[in-house]
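The values are calculated or read from the model by the stated rules, or taken from the named source; none is laboratory data. Just so we're clear, the structure is a prediction, and the values are computed from it rather than from any experiment. As a convention, Cβ positions derive from the backbone with ideal geometry for all residues, glycine included, and neighbour counts pool all protein chains shown.
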Amino acid sequence: MSKTHNRQIYPFSAIVGQDIMKTALILNAINPSIGGVLIKGERGTAKSTAVRSLAALLPENKVVLGCTFGCDPEKPEDFCEECRKNLINLRTAERKMTVVELPVSATEDMVVGSLDISSAIKEGEKKFEPGILAAAHRNILYVDEVNLLNDHIVDLLLDVAAMGLNIIEREGVSYTHPSSFILVGTMNPEEGDLRPQLLDRFGLCAVIEGIADADTRLEIIKRRMDFENDPKGFTAKWAAADKKIADKILAAKDLLPDVVIPDDMLRIAVQICTDAGVDGHRGDITLVKTAKTLCAYKLRTEVTEDDIKEAAKLVLAHRMRKTPFSNEQYDDKKIDESIEKAKNHNKSEQKENDSETQQKETQNGPQDNAGEQKQGSGSGSDSSETKLFKASDPFA
Ligand SMILES: [Zn+2]
């Protein structure tokens, strides 16, 4: 459960390349409901640096002063038991987001915390010793080599991540506290895979490779040496670039509720997931959420084809159906084919609508255009443009 204090952290914007990983992390910072990210890559690909750097550039959160879990004063509905009891005397403080690490050797008690049953029975008072999930609330939970973690712990972790609550039950005594975090797992694919049903529970997956290009490698080493020689000076040099990213994240958070996805774009998203053989609806929903978040990060409010394409890369990498002959491979060409298919469908639907309207017009005669006979609503050609999905659930 090591937290980083005062140690100089490598600036996020100074990380060379690995854009897909950086984007995946940023999207989760804007919209944690995307469900975390699994970073797949060899050792030494700056995975842990990127996570710590991102946490360092994010603005401070408002917390309830003295609360073990760092409850959000603006969300009383998510309060822990103690904050609920002290509703009147709440004072607030600012807290920097931290990266809470979950070691591969962690036991269940270390993760969920422990309840002192005897004091609960004898004195009627629940004594709870907080675990890693308590420290992770409103922070980043980082699990290095998640594929080596005990299956039972992974299940537990993903359940809590989905609910935002940690519920501990021991011999009829139970204790609940909020635990909502950005889950970041890393794995080296050479050391074994995660079960497919667990893979699917990570919102995004960023597959990263070591950088082969000699010039880029040179740049990485140069920056690393500059940082090590003068961490403060180096950080100062990149501060403005980091601030720009932080400001964009904040702006995107504000904008996200206003982002809409038109019907024809929604069809593209569904077609991509269907063609990729993604089971269930989690993939579809995550794709739409991710495209919307990307759209907000680009400071726009209507999802485009490019947003969906870019999101698909992160959403499908770990969800493609595996067959004995094809290994899960994300394929740009296949995505383009799906987009074409959906577009043709949209076009033919449009034509049908147009000819329906024409038919009605010829039946009713042009004099009826004033519109007494409005059959249904929006059966005209403008329906696909006007039917927009608001960012409200289930996709926000
Ligand atoms: Zn609290």
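If only residues of the range 163-184 that are in contact (Cβ under 8 Å) with a residue 40 or more places away in the chain and among the aliphatic types (A, V, I, L, M) are counted, the one that is farthest from the ligand (Cβ to nearest atom) is Val184.
Just need a number here: residues in the range 61-97 that are of a type outside the set (S, T, N, Q) and part of a loop (DSSP other than H, G, I, E, B).
The qualifying residues number 16.
Before we move on, is Glu169 assigned to a strand (DSSP E or B) and either acidic (Asp, Glu) or not assigned by TED's automatic domain parsing to the domain that holds Leu27 (or both)? Taking the combined requirement at face value, the residue satisfies it. Cβ-Cβ distances below 9 Å connect the following pairs, each with a first residue in the range 66-93 that is under 10 Å from His177 (Cβ atoms) and near the ligand (Cβ under 9 Å from one of its atoms), a second residue that is of a type in the set (Lys, Arg) and part of a loop (DSSP other than H, G, I, E, B), and a separation of six or more residues or different chains: Phe69/Arg138; Cys71/Arg138; Glu81/Lys126. I need a count of the residues in the range 257-272 that are crowded, with 20+ Cβ neighbours inside 10 Å, in a helix (DSSP H, G or I) and under 18 Å from the mean Cα position of the chain (by Cα). Counting residues in the range 257-272 that are crowded, with 20+ Cβ neighbours inside 10 Å, in a helix (DSSP H, G or I) and under 18 Å from the mean Cα position of the chain (by Cα) gives 1. Just wondering, is there one or more residues in the range 209-227 that are under 26 Å from Asn344 (Cβ atoms) and either of a type in the set (D, E, K, R) or not in a loop (DSSP other than H, G, I, E, B) (or both)? Looking for residues that are under 26 Å from Asn344 (Cβ atoms) and either of a type in the set (D, E, K, R) or not in a loop (DSSP other than H, G, I, E, B) (or both), one finds none in the range 209-227, hence no.
Please tell me if Val51 is more than 16 Å from the ligand (Cβ to nearest atom), part of a strand (DSSP E or B) and touching a residue at least 12 places away in the same chain (Cβ under 8 Å). Answer is no for this residue. Scanning the range 94-112 for residues that are touching a Phe, Trp or Tyr at 6+ places or on another chain (Cβ under 6 Å) and within 16 Å of the ligand (Cβ to nearest atom) yields no hits at all. The residue list Asp258, Asp242, Asp213, Asp264 contains one member that is more than 24 Å from Leu58 (Cβ to Cβ) and touching a residue at least 40 places away in the same chain (Cβ under 8 Å), which is Asp264. Here is a check on your reading of the model: is Val154 in contact with a Ser or Thr (Cβ under 8 Å, 6 or more places away or on another chain), away from the ligand (no atom under 16 Å from the Cβ) and not aromatic (Phe, Trp, Tyr)? Judged against the criteria, Val154 is not a match.
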